[in-house]
Structures are given as structure tokens and as C-alpha cells.
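The values are calculated or read from the model by the stated rules, or taken from the named source; none is laboratory data. Just so it is clear, the structure is predicted and the values come from calculations on it, not from any experiment. Cβ sites come from the backbone with ideal geometry, for glycine too, and all protein chains shown count toward neighbours. For accessibility, only protein heavy atoms count, side chains too; no ligands or nucleic acids. Shrake-Rupley method; radii C 1.70, N 1.55, O 1.52, S 1.80 Å.
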Amino acid sequence: MKLLKPLWVIGRKHVSTWSPLATAFNTRPTSRPIFDSLRERTGLFNKPELTSFEGFYTLKEQAIAATDRLIEEATSNPTRPMVDIFDELSDTLCKVADLAEFVRIAHPQSHFASAAEEACISVSGVVEKLNTHKGLYEALRDSVEKNTCGDRHLAELFLFDFEQSGIQLPDGPRQEVVALNDLILQTGQQFMAGAAKPRRVPRSAVPQNVRQFFSSEGESVVVSGVYAECGEAAAREAAYRVYLAPDARQERLLAATLRARRRLAALCGFRCYADRAIKASTMETAANVRQFLDILSDNLYDRANIDFEAMTRMKKKETPYLDSLMCWDTPYFTHKAKTQLLNVATSDFSPYFSLGACMEGLNMLCQELYGITLQPEDMLPGESWSPDVYKLAVMHEDEGLLGHIYCDLYERPGKPHQDCHFTIQGGKLLPDGSYQNPIVVVMLSLSGGHRSGPALLGPGAVDNLFHEMGHAMHSMLARAHHQHVAGTRCATDLAELPSVLMEHFAACPSVVRRFARHFQTREPMPEDMLQRLCASKHLFGASEMQLQVFYSALDQQYHGEQAECEDSTDVLRQVQKRYYGLPYVENTAWQHRFSHLIGYGAKYYSYLISRALAWSAWRRHFAAEPLSRAAGDRLRSRLLRHGGSVPPQILLRNYLDTEITPNTLAMALIEELDYHKDHLDTVFKITDK
């Protein structure tokens, strides 16, 4: 076995010059019990109450007491703007609920996780009580009518939150709204759990020649997914048909959830649930979303067919006896085409993307665009929930400390295998004029980082790291006056813009060239390899986008005006025929596995909107000079700084200098596809010489 050189040894011709930040992240942190015992002990996230799990009880009680005091202030002749009281209410509860939600998910010790879960339940009860508090609602409504509320946009957001719970309704309908919300929560959770369950079928249900691809339990075969990248076509087909077979229980749960959502929307005065969900977003109405999807679909048809024809040729070459491209083929041939374009194994890229190198790249981006540095800080004993968590201070060259990012990046037993960003504390202007700095966590599930070498990221993991750090920097750079609309606390489609924009930086050769260096020798990634990698991220982009349009259209149809009492598979068949280029597979019910119908609920389209907005931002402000400080300052001053404190349409129109319409957004995505298609053709010509 070849031994790895230490990270800081001499390369072929030059001494390594990894920065302190890169060196820190190329070494997995561990606890130092001997030294830690000599240092003062604090609690989780530096909260003294959380030196033990019992502290969650203290935090919960403090929040409840503060909530009672603020309710009293709001409903008895307040002496300050109503939105300030409401934002303090929101901040008080979020500081407990957000922290507890993260600890519930991420803490490896069961007693901490259990105490955090109890705190979540308690705070949820308080929030439900507030949402049905008529005196509080009327005080806010009256202040808006009298124009004494302060920030009117924020006041209207608070009012909308109230009215989503039906507080403006008479007692009977209001109680029905509460019951419907509870029903939706229960059926939705059951549907999501069922969507992820493996399918167990008799051995006879799976063709004999492909049974070896699946797990067996006695006389049953267990299919745990669609085996999308399996090289055996018959196994892909069998997995697709078995795993996505109709499930009567899932159908009942989905139908019950959709019925309840329709009734809820009607009670609250909306034509459909989609209108209720989309209000206050960038798109504003379900009609705008449908128009956007239709324009995009029409323009994608020929472009996606070109992708499908290329995949069909690949399939005929691989399996001449199977000449039709099917739904179970596209992930496999997309992956195969990317591998062929890259010309090397995906794992060959990883040595150039050590965790330290990627963090150095992110730090370089922050410095160039915003005048910010990411500075590693030592963790105090008890501050972290796991010994291998990093802490970063975000320092601005003029403004000083902007906030802290905790980086929980390594896999561990019991930790969810998902990449995400958590807000622990939102930013907020305090009464004394100082600013409550944000605190966030970025979570990944990387392996490695031990003595054998640093964690090495594949191209997909690099994209995910940049994406989640985009959310984190949104939180850090925002300076909204109110916590309720700080940073990522804005419309879903707007919240994803900064993170999708970061993916453009991670796919830009002139940016990646600055940090993609071999973790042992520090030699840069070979130019041919770099160009192929960046281009490969956009291969078969039209067919992939068409699939996302299909998913989004299905989500809209289920939650739209025409969804009453229809069989969900019939709807799926019709929508697939209209929006996707490959045929529906009889006796399958893909929607029974689509858990995003619950989590997004008429907002699955948001990713496409944020992608259109991110491309518009990239082409208009960054493509010519990706590391322009002027472009970074403009992004912060006109967009990131405001969070959700300005209506999305106004914010985006001001930043992009264009009207935000269904047509402009759809055509932005088509422009992006065509640009990357041209770039791919160029890379093919250069690299094939």
C-alpha cells in the first residue's frame, strides 16, 4: 500500500503553502480531554444553559415567560411599533425552536436529542397558541389600519401567517382549519415515511435472470430503489416496475392530504391550495407558475428530444435487442455519458478537491467578492455536539465580525445523510443599535479526514458544499432590521438564488482553477481535466430540466383548481404526456414515492425559478469577471442584505434591472441551456483533437 505524504511536505519543486484555513480543514478536529479539562466549560453554541441536556427545559421556560410578557405588551396600549414586538416574539421562540430542531437531528447523544425534541414540541404548542390568539391578531390588524405598525411589509407577512391558521374566521370554520392542519401533518408524515420504504415482493415477481441484483429475504426479494445507474437494462426495468408499483395505502394518504389542503385553502379564501402556498413568493400566483412551466415546456421539447435521441443511440449500441429509451434508462445513460466525457474515473478528481482546498476556494471567493475572510476558531469545551465540528468566524474588512458558521461536515452513526443549512440564531437590529449576529450550521456527510489524509470530495460533493455555503453567506451578509425576515427567511425561490449562484462559481473554470490543487503535491488540476469536469456538469441538461418541469407541473396539478377527486395516477399519466418526452409506464405510480409533494406542497417549481434567477445574475453581473468586487458588493447591497424584508419582485427587479415575469424567467433557463450546449460542443472539439 502506498503511504500518503503529510499534507505539508515538499512537493516536486516547491514547498506547500496551504493557508491556515486549508490546513485546519485538511485535518479532522478531535477532542483534547486533557487540555479541555483545564479550560472553562460552556454549553452548546456557547449557551451556558446547555452544559447539560436539562438546559432545554430552562430555555423553554424562559421563552414561554418572555412570550407571555410580549403578548401582554402587544395587547395593552404598546409604546413601540407593533412589528418590533412581534419580531421579538418571533426571535424569542426561534432561538429555542431552531436550536432545538438542529440538536434533535444532529446530536449523537440520545438524552440531548430527546430533550431537544421535547423543547420543539413545547415551542410548537406555544406557536399554535399564538396563531389562534385573537387579541394578538386584532392588535396587529388594528395597528396596520391605523398605520402605527412600523414596517408595513413585515406586518402584512405576520398577518398572513395568522390568516393561514384561519384566525379571521368564525369559530366553527376556525376550528376546522386547526383540525385540517393537524390532519395534514399526520397524513403527510405517514406518506413521507411510506415513500422511502423498500418494496418486498415474492421471488417470482422478479425475472430470474436479474434476481442476483437485489437482496433476498427467504422467498422474498427486497427492492430498495430504482437502481438508476445499474449497467444491466433488465435489472433497471425490474427495479423500476417493482419499486414504483401502485401502493393503495400511499394513494389513500396522498388523497387525504390533498383533500384536506383543498378544503383548507377554500376556508381561507383561496381558489386552490397552490394560490395559498405561492402567495408572497416571487411568482405570486399559481397562474403565473403554470404560465412559466408552459412556456418552458414548449421551448424544451426539441432540445430534450436531442438528448433522448443521443441516449437512444447509446442504448442501441449497448443492447441492440432493446431499441426504445424508457424512464429507467435516462439516469444510467446520463451518468455513462458524463463518465465518457470526463475520460477518467470520477474518483480521479477527488485528490484535487481536499476539504481544505475547497474551503480555501470559498475563502478566496468571499475575500474577492465581499472583503470577507473565514477564520477558524477554537471550540470551547462543551460548545460542540461532536468533536469533529469546525467553527468559523466571518470577518468583514470594515464591519468586523458578521457571525459564526459551525461546519458539521463528517458522517457519523445516526447522523442524517443529507446536506443542509440550519439557522441557529437569526440576525436582528437590537434596541441599543448593535446587531445580533447570525449563527448557522452547514451540514454534510463526508468520509475521511483521518491520519491517512484529508477528506477528499467528489465533484458532486464540491457542488453541495458550495451550495450550502451559499445559504450560510446569505445569512452572514444580510443585515435586515428584523429577525423574522433576516437572511434565508424569505420566499423559497428567493432563498435558493444565492446557493444556486454559488454552483455557477463551482463550475467556472477560472474560479475552480484557483483552488483545485492536489492535496499532496499542490499541483493544479490539469487543464484538460478541469475543462471536461466543468463542462460535464451540463451534459443532457435539457432532458434533466424537462424532468424537473414535469415534477413541478404534477405538483401544481395536484394542488390546483382542477384536482378535485381525481385518481392521482390518472393525473400523473396526463401530466407526463403533456410535459415529459418519455411515456408513462403502465401499472406504476411514481407519485407514491414523491415525498416532495408533502414537503414542498405546490412549491416544487421553486428550484427552477431560483435557477433562472441565478443564471440571470451570473450572466448579467459575473460571467465576464467572476471575481469582481463591484459585482459582489452589488449582490450584497441590492439583494443579500435585505433577506425577506423587501417583497421579492421589488428586490429582484432592482438587482437584475429587468421585469420578473413568467416569460423572462422561462427564457433565462432556455438561454442557460443553449449557452452550456455551445460550451460543451467547444470542449468536445478541443479535447478530442
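Of note:
Per-residue answers, yes or no, for (1) of a type outside the set (Gly, Ala, Ser); (2) farther than 21 Å from Phe519 by Cα; (3) modelled with pLDDT of 95 or more; (4) out of contact with any helix residue (DSSP H, G or I) (no Cβ under 7 Å at 6 or more places or on another chain):
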{"residue": "Leu341", "(1), (2), (3), (4)": "yes, yes, no, no"}
{"residue": "Ala345", "(1), (2), (3), (4)": "no, no, no, yes"}
{"residue": "Phe349", "(1), (2), (3), (4)": "yes, no, no, no"}
{"residue": "Gln418", "(1), (2), (3), (4)": "yes, yes, no, yes"}
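- The set of residues in segment 369-394 that are farther than 28 Å from Phe112 by Cβ, of a type outside the set (Val, Ile, Thr) and buried (at least 18 other Cβ atoms within 10 Å of the Cβ) comprises Leu369, Tyr370.
- Between Leu627, Leu572, the distinction of being surrounded by fewer than 23 Cβ atoms within 10 Å (Cβ to Cβ) and in a loop (DSSP other than H, G, I, E, B) belongs to Leu627 only.
- Hey, Thr58 closer than 25 Å to Val441 by Cα, of a type in the set (S, T, N, Q) and in contact with an Asp or Glu (Cβ under 7 Å, 6 or more places away or on another chain) or not: yes
- Filter result (in contact with a helix residue (DSSP H, G or I) (Cβ under 6 Å, 6 or more places away or on another chain) and open to solvent by 10 Å² or more (accessible area, probe 1.4 Å)) within segment 298-307: Asn299, Arg303, Asp307
- In segment 148-163, residue farthest from the chain's Cα centre (by Cα) [restricted to those that are open to solvent by 50 Å² or more (accessible area, probe 1.4 Å) and more than 15 Å from Ile85 (Cα to Cα)]: Glu163
- Scope segment 43-67; condition farther than 19 Å from Leu380 by Cα, touching a residue at least 40 places away in the same chain (Cβ under 8 Å) and open to solvent by 10 Å² or more (accessible area, probe 1.4 Å); matching residues: Glu54, Tyr57, Leu59, Lys60, Ile64
- Each residue in segment 416-446 was checked for being over 21 Å from the mean Cα position of the chain (by Cα) and in a loop (DSSP other than H, G, I, E, B), and 6 pass.
- Glu566 meets each of the listed conditions (1) modelled with pLDDT under 95; (2) touching a helix residue (DSSP H, G or I) at 6+ places or on another chain (Cβ under 8 Å); (3) open to solvent by 40 Å² or more (accessible area, probe 1.4 Å) apart from (2).
So that you can scan it fast, the table gives a plain yes or no per residue for (1) open to solvent by less than 20 Å² (accessible area, probe 1.4 Å); (2) closer than 30 Å to Gly449 by Cα:
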{"residue": "Leu296", "(1), (2)": "yes, no"}
{"residue": "Asp323", "(1), (2)": "no, no"}
{"residue": "Phe333", "(1), (2)": "yes, no"}
{"residue": "Asn343", "(1), (2)": "no, yes"}
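- Pick from segment 495-548, criterion in a helix (DSSP H, G or I) and of a type in the set (Asp, Glu), ranking: surrounded by the most Cβ atoms within 10 Å (Cβ to Cβ): Glu503
- Residue count, segment 585-623 (criterion: in a loop (DSSP other than H, G, I, E, B) and in contact (Cβ under 8 Å) with a residue 40 or more places away in the chain): 12
- Here Arg261 does not fit the description of being open to solvent by less than 50 Å² (accessible area, probe 1.4 Å), in contact with a Cys (Cβ under 8 Å, 6 or more places away or on another chain) and of a type in the set (D, E, K, R).
- Residue within segment 99-119 that is out of contact with any strand residue (DSSP E or B) (no Cβ under 7 Å at 6 or more places or on another chain), closer than 23 Å to Gly643 by Cα and not in a helix (DSSP H, G or I) present: no
Yes/no matrix, rows are residues, columns are (1) in contact (Cβ under 8 Å) with a residue 60 or more places away in the chain; (2) farther than 30 Å from Gln291 by Cβ:
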{"position": "Gln483", "(1), (2)": "yes, yes"}
{"position": "Thr488", "(1), (2)": "yes, no"}
{"position": "Leu501", "(1), (2)": "yes, no"}
{"position": "Pro509", "(1), (2)": "no, yes"}
{"position": "Ser536", "(1), (2)": "yes, yes"}
{"position": "Glu544", "(1), (2)": "yes, no"}
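- Sub-7 Å Cβ pairs linking a first residue in segment 514-531 that is closer than 19 Å to Ala455 by Cβ to a second residue that is open to solvent by 60 Å² or more (accessible area, probe 1.4 Å) and assigned to a loop (DSSP other than H, G, I, E, B), at least 6 apart or interchain, are Gln520/Leu4; Gln520/Lys5; Thr521/Arg12, ordered by first then second residue.
- Scanning segment 39-60 for residues that are more than 19 Å from Ala97 (Cβ to Cβ) and either of a type in the set (Val, Ile, Thr) or at pLDDT 95 or above (or both) yields Thr42, Thr51.
- Only one of the numbered conditions (1) of a type in the set (Gly, Ala, Ser); (2) open to solvent by less than 20 Å² (accessible area, probe 1.4 Å); (3) out of contact with any strand residue (DSSP E or B) (no Cβ under 8 Å at 6 or more places or on another chain) is not met by Ala239, and that is (3).
- Considering segment 164-186, and only residues there that are more than 23 Å from the chain's Cα centre (by Cα), surrounded by 18 or more Cβ atoms within 10 Å (Cβ to Cβ) and β-branched (Val, Ile, Thr), the residue that is nearest to Leu254 (Cα to Cα) turns out to be Val177.
- Among residues of segment 196-221 that are free of Cβ contacts under 8 Å to residues at least 40 places away in the same chain, those with a beta-carbon under 8 Å from a residue that is polar (S, T, N, Q) and in a strand (DSSP E or B) at least six positions away or on a different chain give the pairs Arg200/Ser220; Pro202/Ser220; Arg203/Ser216; Arg203/Ser220; Val221/Ser215.
- Remark: pairs (first residue in segment 433-453, more than 17 Å from Glu468 (Cβ to Cβ) and among the small types (Gly, Ala, Ser); second residue open to solvent by 20 Å² or more (accessible area, probe 1.4 Å) and not in a loop (DSSP other than H, G, I, E, B); Cβ separation under 7 Å; 6+ apart in sequence or on different chains) = Gly448/Leu456.
- Test: residue in segment 395-411 that is in a loop (DSSP other than H, G, I, E, B), open to solvent by 10 Å² or more (accessible area, probe 1.4 Å) and under 22 Å from Gly356 (Cα atoms): yes
- Test for Leu639: is it of a type outside the set (Lys, Arg), in contact with a Gly (Cβ under 9 Å, 6 or more places away or on another chain), open to solvent by less than 60 Å² (accessible area, probe 1.4 Å) and over 30 Å from Arg271 (Cβ atoms): no
- The conditions of being in contact with a Phe, Trp or Tyr (Cβ under 9 Å, 6 or more places away or on another chain), touching a residue at least 40 places away in the same chain (Cβ under 8 Å) and either surrounded by fewer than 20 Cβ atoms within 10 Å (Cβ to Cβ) or in a helix (DSSP H, G or I) (or both) are not met by Leu70.
- Boolean, Ser220 is exposed (fewer than 12 other Cβ atoms within 10 Å of the Cβ), over 17 Å from Ala589 (Cβ atoms) and polar (S, T, N, Q): no
- Qualifying residue in segment 85-92 (condition: modelled with pLDDT of 95 or more and open to solvent by 20 Å² or more (accessible area, probe 1.4 Å)): yes
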